[in-house]
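Have a look at the structure below before the remarks.
Throughout, read-outs are computed from the coordinates displayed, never taken from laboratory work. What you are looking at is a predicted structure, and each value in this text was computed from that prediction instead of being measured. Every residue, glycine as well, gets a Cβ built from its backbone with ideal geometry; the counts of neighbours run over all protein chains shown.
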Amino acid sequence: MLLIVPTDKFPGMNQEAGKFARIVIPTLLKEPLIYKVPDSLWEQIEIGMRVLIPLGKRKVTGVVLELLRETVVQGTRPILAQLDDRPMLDSALLQLGHWIGKYYLASLGEVFGTILPPSLRSETRRTITLNPGTFCVSDALEKRILDRLRQSNGKLSVKRLTRERYGGNLYVAIEQLESIGAVNVRERLPGHRTRNERTFLELCGTPTFEAQPRLTLNSEQEHAFRKIDHRLKEGGFETFLLHGVTGSGKTEVYLRAMEEARRAGRGSLILIPEISLTAQLIDRVNARFPGRVGILHSALSAGERWAQWWHIVRRNVDVVVGARSAVFAPIANLGLIIVDEEHDPSYKQEEGLRYNGRDVAVVRGKLSACPVILGSATPAVESYQNSLEGRYRLLEMKQRVQQRPLPFIETIDLRSKFHPSEQPNAAKVPLPTDSMPVQTSGEHRLISDRLAVFLRENYRASRQSLIFLNRRGFSNYLQCVLCGHVLRCSYCSVTLTLHKKQKSVCCHHCNFRRAGTVLCPECGNLTLSGVGIGTEQIEEVLRRLVPGARIARMDRDTTSKKGAHQELIRSWEKGETDILVGTQMITKGHDVSGVTLVGALLADLSLNLPDFRSGERTFQLLSQVAGRSGRGDVPGTVIVQTYAPDHYAIQHLIHHDYKGFFAAEIDFRRALNYPPFSRLVCLRLEGPKFEEVEKKARTLGALLHDKTIHNARVRGKIEILGPAPAPIEKLRNRYRWQLLLKGKQSSSLLELARQARQALPRSRSMRLHIDVDPYNML
Ligand code: ADP
Ligand code: ZN
């Protein structure tokens, strides 16, 4: 019988002496268990290694957190095998795991299930094959291995050898045999064929980025680099906020810092937002560190990810480039962490363990005693405030490289020309073709005459244009012009978006899809009409507006196939696309010198979200997309079409004035006591029955209110907003209510959230999600 109790819970109980390990079993069990370490393994096993252990009738992968010489746990079961020849996670990563568990209120099982990719949670198969020839070995164990191999036709699994218990360090012996060329060791993940898969790098295609000589840093770059370099040489942790306008050459500063880290024999980690993980940046890093770059990204297959982890653990790489989850890359000798576009929302994980990759990166830097660079043209309000308060060191780059001017930005007020007769483009939107409704109600202006003129001219001058609209699909939703009925998702409280090419309407939250129709399901008339525009419609409009132009669209619909994103970007970089239309995917990262015109349509879409960050988000998105233009010799022009030209986010955007924007935004945050002046924890209850969720949410709300009055540790320190239905009240057939906890100190907030979890034991139907430092509160 296995008791699941931590050793320190029962100080009075009999301690059993021996060799034990505390092992976390990622995903499967919340809390670590104690296992016995067989004598044969005691010398080899280290903290941070993966081991194979029995769990019930299964054999599963665990990670050793601690080695113990005694335990009160009776009847521990033994570890079956060691899975790695070295620790997968170093002590800083293990500490990071513990920090994450405490800060995000997650169990260690969840935490390590997030850190270790799934392919490393299942057992790998290692096979040894004997090479032809005679080899001279003196070590007894090595001799026995060779003999054993000969007996079995020159091929054996490592697992088999482990089971036969030869004593001594099998892994060292195998490695030694491999190094003299006597054997080959092949590792394979069961169920994943790695051989015939196209690798991510292959998919990136041929680099368009020529390996160029190192650039001479300009004075601003030099100044920023020297500060970072100083820290690298001194050693120790420090966070830099590199605030550099778009095109100021931040990447070059990163590359220099990474080179310095390598010179000191340490690895670097560079995080970039998921969507902008472009081949371009990988090319630039590859050109500097040929063959020494690891890549971690969601487009990798399980097998590829597994191979990348192994490369990193084996120290075959100096630099790891990756998206959010790469913050857990097993770089043992970590010397530098960079978070590019640190303000980007994609650093926030919105499912499962809801961590913020940027914040975790800063903590990892602290635990690894290395510098962290947060880079952005539009820093998150929290980060900038941190720099003003001295927690981060601010480094500024105010000029674009080579004195290139920032683009000229103008707005077009959509309100001023609201008269339908003045909307020639809207009127040209096609009438139904096939059986699909494509009529638009004309409530939105699509592309203004002025923007159209610019687009045509830019095309004639053989320059590239970018059109940004943060909404995919053809029409935002379908409504019956006769009875007013709107097509809604059967599972979520949102409308369905029309996708014309796919001849269907689709929910952007749960992906529910059904065939498009022109018949109103309510009144049966042929009167359904599309309302609101999306990128698919804009693409169609552009084809008529700029005949002959090569037009491509980049959004989640056109990039769902593996490699599609890379192909689109490659052709954009090569100048084979004249006009690229897209959602926020097109806004960041790319440095393409042919782009001279950017048009932002319905630029205030993001202003209308019920979210205190909507102003910040809008300013960031538009600054990013504007920053794509004028990166070559020809200055850029940006046309922003908006219904809210006077909003401070748009006003400061026009003047490239981040500080002005920040000053206005911070006043608003202070007045309403929002972050960075407070911290938030969102508690979300979800369940299949509306009444039940509401009732539980109200009970929980009353209970927490009570605690803020009577519990000394949280008294007077926390404001509770809600409970109220979430803005998206139903998602994937589950109703959602939320409570927002707001307070100055995270300790008391976490304390109250912990009490909420205790008060609401996990049940099959009802769930409580705790989101610490929430980003998306829809
Ligand atoms: P950011 O990331 O700040 O938007 P990038 O790092 O993409 O800017 O740099 C913009 C362009 O300027 C790139 O093409 C880069 O090669 C070039 N560049 C960077 N530093 C220099 C420099 N010191 N001299 C000349 N060109 C530079
Ligand atoms: Zn849905």
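Let me check I've understood the local charge: for L700, count other residues with C-beta under 12 angstrom from its C-beta, Lys and Arg +1, Asp and Glu -1. What total comes out?
Value of the local net charge: +4.
Put in line by how crowded their Cβ is, counting other Cβ atoms within 10 Å and starting with the fewest, M49, M777 read M777, M49. Counting only DSSP beta bridges whose two residues both lie in the chain, roughly 55 percent are antiparallel.
Plainly put, region 329-424 has a radius of gyration that is 1.18 times its Kirkwood radius, both from alpha-carbon atoms, as the Rg/Rh ratio. Each Lys and Arg adds +1 at its Cβ and each Asp and Glu adds -1 at its Cβ; summed about the Cα centre, region 252-331 shows a dipole of about 280 debye.
Given +1 on the Cβ of Lys and Arg, -1 on the Cβ of Asp and Glu, and no further charges, what dipole in debye does the chain carry about its Cα centre, rounded to the nearest 20?
Approximately 1980 debye in magnitude.
Along its principal axes, region 496-564 has C-alpha extents of 42, 30, 16 angstrom, given from the largest down. Here the Karplus relation 6.51 cos²θ - 1.76 cosθ + 1.60, evaluated at θ = phi - 60°, turns the backbone of region 243-252 into coupling constants of 9, x, 4, 4, x, 7, x, 5, 4, 4 Hz, with x for every Gly and Pro.
What's the whole-number percent of alpha carbon pairs in region 247-289 lying beyond 13 angstrom? Value for region 247-289 (Cα pairs over 13 Å): 58 percent. Axis angle, to the nearest 10 degrees, between helix 170-179 and the longest C-alpha principal axis of the chain: 70 degrees. Counting every other Cβ atom within 10 Å of each residue's Cβ, H297, H705 order from fewest to most as H705, H297.
For H509 and K57, the difference between the fully extended length at 0.36 nm per residue and the C-alpha to C-alpha distance is 158.9 nm.
Between L482, Y104, Y35, whose Cα lies farthest towards the positive end of the dipole of the chain when Lys and Arg beta carbons carry +1 and Asp and Glu beta carbons carry -1, centred on the Cα centre? The one lying farthest along the dipole's positive direction is Y35.
Distance between the pseudo-spin-label points of S107 and R263 (7 Å out from Cα toward the beta carbon): 4.9 nm. Note: relative contact order over region 455-552, using C-alpha pairs below 8 Å and six or more positions apart, is 31 percent. Taking every alpha-carbon pair within region 329-383, the share separated by more than 18 Å comes to 35 percent. Sorting the segments 60-70, 381-391 by their mean number of nearby beta carbons within 10 angstrom, highest to lowest, gives 60-70, 381-391. Rounded, prolate or oblate: which fits region 229-319, taking a ≥ b ≥ c as square roots of the Cα gyration tensor eigenvalues, rounded meaning a/c under 1.5, else prolate when a/b beats b/c? Oblate, since a/c reaches 1.5 and b/c is not below a/b.
Sorting R214, R404 from the fewest to the most surrounding beta carbons within 10 angstrom yields R214, R404. Once the Cα-Cα distance is subtracted from the 0.36 nm per residue extended length, the R556 to H705 segment shows a gain of 49.4 nm. Tell me the angle of helix 690-710 to the major Cα principal axis of the chain, expressed in degrees between 0 and 90 and rounded to the nearest ten. Helix 690-710 sits at roughly 70 degrees to that axis. Give, as a single signed number, the net charge of other residues whose beta carbon lies under 11 Å from the beta carbon of L255, with Lys and Arg counted +1 and Asp and Glu -1. Charge balance near L255 sits at +3.
Note down the relative contact order for the chain as a percent, whole number, built from C-alpha pairs under 8 angstrom at least six residues apart. The value is 10 percent. Projecting the Cα atoms of N356, H343, Y392 onto the dipole axis of region 336-413, where Lys and Arg carry +1 and Asp and Glu carry -1 at the beta carbon, places Y392 farthest toward the positive end.
Using all pairs of distinct alpha-carbon atoms, the Kirkwood hydrodynamic radius of region 642-778 works out to 16.5 angstrom.
Label-to-label distance for S157 and N733 is 3.9 nm, based on points extended 7 Å past Cα in the beta-carbon direction.
Summing charges over neighbours of L597, with a neighbour being any other residue whose Cβ is under 13 Å away from its Cβ, gives +3 when K and R count +1 and D and E count -1. In this structure, Q502 and D646 have a Cβ-Cβ separation that, at R0 = 35 Å, corresponds to a calculated FRET efficiency of about 0.35. Compared with the direct C-alpha span, the chain from E164 to T216 gains 12.7 nm at full extension, assuming 0.36 nm per residue. Taking label positions 7 Å along the Cα-Cβ direction at both S490 and R450, the computed distance is 4.7 nm, reported to one decimal. Each residue of region 610-617 is assigned a 3J(HN,Hα), and the resulting list reads x, 8, 5, 8, 4, x, 4, 4 Hz, derived from the Karplus form 6.51 cos²θ - 1.76 cosθ + 1.60 (θ = phi - 60°), x at Gly and Pro.
Whole-Hz Karplus values for region 547-561 come out as x, x, 5, 7, 10, 10, 10, 10, 8, 5, 6, 8, 10, 6, 7 Hz, taken residue by residue from phi with 6.51 cos²θ - 1.76 cosθ + 1.60 and θ = phi - 60°; glycine and proline positions read x. Distance distribution note for the chain: the fraction of Cα pairs above 39 angstrom is 45%.
Output the pairs from K348/K562; K588/K695; K398/K742; K366/K744 with a Cα-Cα distance over 32 Å in this structure; if there are none, say none. Over 32 Å Cα-Cα: K588/K695; K398/K742.
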